[in-house]
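Below: one structure, written as C-alpha cells.
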Amino acid sequence: MIHAGTVQADSDRLARIYAHRTYDEEDWDFMGVVREEDLLEVDEEPISSRGVA
C-alpha cells in the first residue's frame, strides 16, 4: 500500500470523486479515502513493548 496524495472536499461523496479524478492515472486495484481526523499514527516502536492501557 502506498499513499498517493490528499484531497479536500466538503463531503464523502465529493472526496471519492476528487480522489478518483485526481489519481486515476495510477495503476491501482484499491483506492481508499479516509478523513484526516480518523487517521491513526503508527510509531516505529512495536506495540508489544509498550505498556497496555
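Values quoted throughout were computed directly from the atomic coordinates according to the rules given, and no laboratory measurement underlies them. Just so we're clear, the structure is a prediction, and the values are computed from it rather than from any experiment. Heads up, the Cβs are rebuilt from the backbone with ideal geometry, glycines too, and the neighbour counts pull from every protein chain shown.
Cβ crowding within 10 Å, taken as a proxy for footprinting-reagent exposure, orders His3, His20 from fewest neighbours to most as His3, His20.
Within the chain, which is the longest segment that contains none of the trypsin sites (Lys or Arg not before Pro) sitting in a DSSP loop with at most 14 other Cβ atoms within 10 Å?
1-34
Once you've got the GNM for the chain with C-alpha springs shorter than 10 Å, pick whichever of Asp24, Asp12, Asp38 has the biggest mean-square fluctuation. Between Asp24, Asp12, Asp38, it is Asp38 that shows the largest mean-square fluctuation.
How much net charge surrounds Val34 when only other residues with a Cβ under 12 Å from its Cβ are counted (Lys, Arg +1; Asp, Glu -1)? Numbers along the way, then the final one.
On the way: positive: Arg16, Arg35; negative: Asp12, Glu36, Glu37, Asp38.
Local net charge: -2.
Relative to the longest principal axis of the C-alpha atoms of the chain, give the angle of the C-alpha long axis of helix 12-23, reported between 0 and 90° and rounded to the nearest 10°. It is inclined by approximately 80 degrees.
Averaging 1/r across all pairs of distinct Cα atoms in the chain and inverting the result yields a Kirkwood radius of 13.5 Å.
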